[in-house]
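A.B. asks: Provided herewith is a single structure, encoded as structure tokens, for subsequent inquiry.
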Amino acid sequence: MKFEFDTEADERVPCLLVKSATSAPGPLPVVIVLHGTGGNKEAMKGLLQVLARRGVMGVAFDARYAGERAKHGKGSEDYRAAILETWKSGERFPFYYDTVWDLQRLLDYLETRSDVDPERIGGIGFSKGGTELYLAAAVDHRIVASVPCIGVQSFDWALKNNAWQSRVGTIQSAVDGAARELQQSTVDAAFVRRFYQRVVPGIESDFDGPQMLPLIAPRPLLVINGDRDDRTPGPGVKLCVDAAREAYGQQDASQNFEFRSQPNVGHAVTPESQQYALDWLIRQLRSK
């Protein structure tokens, strides 16, 4: 089924919900699925159906400037144009933060449904959606189990080690537009850091992966990355994973953290990893 809800006076969020007609009676566990750049909720329908067949309600929504919230095509250009507008105005934060806000408001809505068990809500996100998921889980304990896929990263490490280009490539037109506005001929790490500080403040400092993942402890967390993914460079991922492992160990919850490194894989989730993630999520939610 489709439904919509408001997150702000002028923001209506279209959602897709799938549950089995033969589900066991009583409130159901829920998995929220977050799409990546250029994606939409419909692209997540297959995953939602798999979850429903296993007795879990699946929910996906269109991020801002994507799917039904895009004015043109797939929405990627709308998304980048909105990021550039944030650079100019300092208002709204379409690069990650606005979706985190929308996700939290979806949690508000799900808590009102009689067919939802609010103590068993988990999430899985891909690429941009993976980053948004761990940011949300770090600050909202209602997400009791999380699987950020190919989104965990250290923005600071990438900037300090000349490994930022692939990540910036996903929003290149916005970055180039900001450089033209300042009449800057070269986009370098210093400029990208300045750009981040304007359009997604704190992402390379207080809200970077090594700072945020530890805040999810002791709740179950499975991180999935490819070991050849230029958008989430390995050494930066390691900083995040090491920080998470330390936090989970300090809380005697090491069993609740897992890192799955996909060998010889770039910016993708293999079918095997996706199946592993779904099995892991369902197991965690059923144990609550």
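The values are calculated or read from the model by the stated rules, or taken from the named source; none is laboratory data. Only a predicted model underlies this, so the values are computations on that prediction, with no experimental measurement involved. Cβ placement follows ideal geometry from the backbone for every residue including glycine, while neighbour counts extend to all protein chains displayed. Note: accessible area is taken over every heavy atom of the protein model, side chains too, but ligands, DNA and RNA are not part of it. Shrake-Rupley method; radii C 1.70, N 1.55, O 1.52, S 1.80 Å.
A.B. asks: Go through the range 24-35 and give me each residue that's open to solvent by less than 50 Å² (accessible area, probe 1.4 Å) and at pLDDT 90 or above. It would help to see each step written out before you state the result.
C.D. replies: Our first condition is that a residue be open to solvent by less than 50 Å² (accessible area, probe 1.4 Å); within the range 24-35, this holds for 26, 28-35.
Passing the criteria: L28, P29, V30, V31, I32, V33, L34, H35.
A.B. asks: Here is a follow-up. Among residues belonging to the range 1-22 that are surrounded by fewer than 15 Cβ atoms within 10 Å (Cβ to Cβ) and touching a strand residue (DSSP E or B) at 6+ places or on another chain (Cβ under 9 Å), point out the one that is farthest from Y79 (Cα to Cα). Let's see the steps before the verdict.
C.D. replies: Pass one, the range 1-22, residues surrounded by fewer than 15 Cβ atoms within 10 Å (Cβ to Cβ): 1-4, 6, 8-10, 12, 21-22.
So of that shortlist, the ones also touching a strand residue (DSSP E or B) at 6+ places or on another chain (Cβ under 9 Å) come out as 1-4, 6, 12.
On the way: M1: 26, K2: 23, F3: 23, E4: 20, D6: 19, R12: 16 Å.
Among those residues, the one meeting the criterion is M1.
A.B. asks: I'd like the full set of residues that are touching a residue at least 24 places away in the same chain (Cβ under 8 Å) and either open to solvent by less than 80 Å² (accessible area, probe 1.4 Å) or in a loop (DSSP other than H, G, I, E, B) (or both), limited to the range 243-252.
C.D. replies: As a first pass, look at the range 243-252 and keep what is touching a residue at least 24 places away in the same chain (Cβ under 8 Å): 243-244, 246-248, 250-252.
Within the range 243-252, A243, A244, A247, Y248, Q251, D252 meet the criteria.
A.B. asks: Related question: So is G38 on the phi > 0 side of the Ramachandran plot, within 16 Å of the chain's Cα centre (by Cα) and either open to solvent by 10 Å² or more (accessible area, probe 1.4 Å) or not charged (D, E, K, R) (or both) or not?
C.D. replies: Working: on the phi > 0 side of the Ramachandran plot: yes; within 16 Å of the chain's Cα centre (by Cα): yes; either open to solvent by 10 Å² or more (accessible area, probe 1.4 Å) or not charged (D, E, K, R) (or both): yes.
Taking the combined requirement at face value, the residue satisfies it.
A.B. asks: Just to verify a result, which residue in the range 253-288, among those that are of a type in the set (A, V, I, L, M) and closer than 16 Å to V31 by Cβ, is most open to solvent (accessible area, probe 1.4 Å)?
C.D. replies: So the residue we want is V269.
A.B. asks: Could I ask something else about it? Between residues in the range 260-288 that are on the phi > 0 side of the Ramachandran plot and residues that are crowded, with 17+ Cβ neighbours inside 10 Å and part of a loop (DSSP other than H, G, I, E, B), which pairs lie under 9 Å by C-beta distance while being six or more apart or on different chains?
C.D. replies: No pair meets every condition.
A.B. asks: Among strands (runs of 3 or more DSSP E) lying entirely in the range 1-108, which contain 1 or more residues that are free of Cβ contacts under 8 Å to residues at least 60 places away in the same chain?
C.D. replies: Values: elements: 2-8, 11-18, 28-34, 57-61.
Per the criteria, 2-8, 11-18, 57-61.
A.B. asks: What pairs come up if the first residue lies in the range 190-214 and is open to solvent by 50 Å² or more (accessible area, probe 1.4 Å), the second is hydroxyl-bearing (S, T, Y) and outside any helix (DSSP H, G or I), and their beta carbons are under 8 Å apart, counting only those six or more places apart or on different chains?
C.D. replies: Pairs found: Q211/S205.
A.B. asks: To continue, here is another question. Might you check whether a residue that is aromatic (F, W, Y), closer than 21 Å to F257 by Cβ, open to solvent by 10 Å² or more (accessible area, probe 1.4 Å) and assigned to a helix (DSSP H, G or I) occurs anywhere in the range 152-165?
C.D. replies: yes
A.B. asks: Among the residues of the range 48-85, write down those that are closer than 30 Å to Y276 by Cβ, buried (at least 20 other Cβ atoms within 10 Å of the Cβ) and of a type in the set (A, V, I, L, M, F, W, C).
C.D. replies: L48, L51, A52, V56, M57, V59, A60, F61, A63, A66
A.B. asks: Only one of (1) part of a helix (DSSP H, G or I); (2) crowded, with 19+ Cβ neighbours inside 10 Å; (3) among the acidic types (D, E) is not met by D229, so which one is it?
C.D. replies: (1)
A.B. asks: Continuing with the same structure: Would you mind stating whether I143 is in contact with a strand residue (DSSP E or B) (Cβ under 8 Å, 6 or more places away or on another chain), among the aliphatic types (A, V, I, L, M) and in a strand (DSSP E or B)? Please lay out each step first, then the result.
C.D. replies: Details: in contact with a strand residue (DSSP E or B) (Cβ under 8 Å, 6 or more places away or on another chain): yes; among the aliphatic types (A, V, I, L, M): yes; in a strand (DSSP E or B): no.
No; evaluated as a whole, the condition is false for this residue.
A.B. asks: So for the range 178-188 (the condition being assigned to a helix (DSSP H, G or I), out of contact with any Ser or Thr (no Cβ under 8 Å at 6 or more places or on another chain), of a type in the set (G, A, S) and open to solvent by less than 50 Å² (accessible area, probe 1.4 Å)), does at least one residue qualify? Explain how you work it out, then say what you get.
C.D. replies: So the first thing to find is which residues in the range 178-188 are assigned to a helix (DSSP H, G or I), and the list is 178-181.
Those left that are additionally out of contact with any Ser or Thr (no Cβ under 8 Å at 6 or more places or on another chain): 178, 180-181.
With of a type in the set (G, A, S) added as a condition, the list becomes 178.
Checking which are open to solvent by less than 50 Å² (accessible area, probe 1.4 Å) leaves us with 178.
So far as the range 178-188 goes, yes, one or more of its residues are assigned to a helix (DSSP H, G or I), out of contact with any Ser or Thr (no Cβ under 8 Å at 6 or more places or on another chain), of a type in the set (G, A, S) and open to solvent by less than 50 Å² (accessible area, probe 1.4 Å).
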